[in-house]
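Taking it in order: structure first as structure tokens, then the write-up.
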Amino acid sequence: MAKVLVTGGAGFLGSHLCERLVEQGNDVLCVDNYFTGGRANIAHLIGNPRFEMMRHDVTFPLYVEVDTIYNLACPASPIHYQFDPVQTTKTSVHGAINMLGLAKRVKAKILQASTSEVYGDPEIHPQPEAYWGRVNPIGLRSCYDEGKRCAETLFFDYRRQHGLRIKVVRIFNTYGPRMHPNDGRVVSNFIVQALRGDDITIYGDGSQTRSFCYVDDLIEAMIRTMNTPDDFAGPINIGNPREFTIRELAEEVIALTGSRSRLVFMPLPSDDPRQRQPDISLARTVLDWTPRIELRSGLEKTIAYFRGEMRAAAE
Ligand code: NAD
Ligand code: UDP
């Protein structure tokens with residue numbers, strides 16, 4: 001079994017990844033600066049002899065001995081990554097340089113959690129990996145989008161220049177338990193608003209689309225990508241190709257929660273992509289993977305999680 005480093009391991013996706021890796025018998029070192037993640041996400045793993053937690057910011061070098069690295073550290077929701085945009089770019093770029101340097105020193109295999117944001121507001125639909133994207137380099141989302149694009153460049157240059165074993169996964173909108181209730185992403189926002197009976201805030205007219213992947217499907221694909229042969233580096237899209245408008249998502253959340261919340265329409269944030277759907281042909285072939293969890297059942301699990309959190313907070 002491997003000695004695995006997960007950066008951003010106390011975040012939403014990172015905590016699910018740590019959990020799965022520990023279950024599979026790996027020794028997991030979780031590194032996080034707790035900017036958007038928290039101890040509560042990994043509390044159930046603390047005390048497990050296969051799990052260790054380290055508070056550390058990946059913009060600083062890290063000296064540990066591991067053989068596998070999953071690099072997830074980076075705030076992912078627009079509210080959080082725009083809070084300190086310079087730090088967001090540093091986290092993606094300096095973080096990638098530090099983790100690649102570590103991988104080079106200890107000869108570890110390293111996976112980068114990249115994003116569908118590298119495609120920007122796409123003119124090609126659905127988006128295949130060969131598409132170079134349409135990203136605004138100077139907008140509010142650029143710290144995240146360009147940071148992630150530069151990280152991909154660094155990964156491929158370390159591969160070409162130093163022969164590193166790399167994997168780059170491009171993650172499309174993923175949701176599930178342990179999303180931060182205030183992180184502003186659409187699924188958590190709508191569920192929390194519906195459960196509180198608050199207005200559901202649709203940005204724009206709600207006709208923009210996203211394709212939502214449940215976290216368990218995503219983690220499975222991420223681990224399968226890490227286990228591909230060394231000559232496979234990606235990039236590889238991971239996501240659920242079933243596409244919904246944001247308005248449809250709001251209506252589904254209202255139906256599943258039985259909420260009396262009203263839909264309200266607010267200005268669309270700048271550079272908000274109009275449509276997004278992954279072309280996952282490569283993942284189907286290379287990983288023999290396809291997402292299994294439908295939006296409805298994923299939302300039910302996520303709603304149950306937020307209900308539990310809100311009940312616990314009220315006690
Ligand atoms: P998250 O915000 O819940 O997790 C990010 C984690 O990284 C947090 O625990 C945070 O504290 C930590 N972190 C941030 N800056 C750090 C730093 N400088 N040093 C150490 N730790 C730091 O977000 P998430 O949804 O779990 O996303 C995880 C990764 O997946 C991110 O890299 C994100 O860009 C990528 N991703 C996620 C999605 C999605 O839909 N969830 C989509 C595309 C890409
Ligand atoms: N969105 C919305 N209401 C909200 C939060 C988000 O209508 O309360 C919209 C947002 O404008 C975008 C989509 O939902 O069109 C997805 O937003 P999110 O921040 O979850 O992810 P991203 O834009 O990064 O895909």
Checklist entry - Is at least one residue of the range 145-158 touching a residue at least 12 places away in the same chain (Cβ under 8 Å), in contact with a strand residue (DSSP E or B) (Cβ under 9 Å, 6 or more places away or on another chain) and of a type in the set (S, T, Y)? => result yes
Checklist entry - Being assigned to a strand (DSSP E or B), within 23 Å of P241 (Cα to Cα) and either of a type in the set (A, V, I, L, M) or more than 10 Å from ligand 1 (Cβ to nearest atom) (or both), is that true of even one residue in the range 171-181? => result yes
Checklist entry - How about the range 16-34: which of its residues are more than 8 Å from ligand 1 (Cβ to nearest atom), more than 12 Å from Y70 (Cα to Cα) and either among the polar types (S, T, N, Q) or touching a Phe, Trp or Tyr at 6+ places or on another chain (Cβ under 7 Å) (or both)? => result V22, Q24, N26
Checklist outcome for this item: By residue number, the members of the range 99-117 that are assigned to a helix (DSSP H, G or I), touching a Pro at 6+ places or on another chain (Cβ under 9 Å) and buried (at least 22 other Cβ atoms within 10 Å of the Cβ) are L102, S116, E117
Checklist entry - Taking only pairs six or more apart or across chains, which ones have beta-carbon atoms under 6 Å, a first residue in the range 67-95 that is in contact (Cβ under 8 Å) with a residue 60 or more places away in the chain, and a second residue that is surrounded by fewer than 19 Cβ atoms within 10 Å (Cβ to Cβ) and outside any loop (DSSP other than H, G, I, E, B)? => result D67/K3; V93/C150
Next on the checklist: I'm checking my understanding of the structure. Among residues of the range 20-72 that are among the basic types (K, R) and outside any helix (DSSP H, G or I), which one is nearest to the chain's Cα centre (by Cα)?
Outcome noted: R55
Item to check | Index of the failed condition, A151 passing every other in (1) within 20 Å of T89 (Cβ to Cβ); (2) of a type outside the set (D, E, K, R); (3) in a helix (DSSP H, G or I); (4) out of contact with any helix residue (DSSP H, G or I) (no Cβ under 7 Å at 6 or more places or on another chain) | outcome: (4)
Checklist entry - Looking at the range 191-249, what strands (runs of 3 or more DSSP E) fall wholly within it and have at least 1 residues that are near ligand 2 (Cβ under 10 Å from one of its atoms)? => result 200-203, 209-211, 243-245
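No value in this document is a laboratory result; all are computed from the given coordinates. These numbers were taken from a predicted model, which means no experiment stands behind them. Neighbour counts are summed over all protein chains in view; Cβ atoms, including those assigned to glycine, are modelled from backbone coordinates with ideal geometry.
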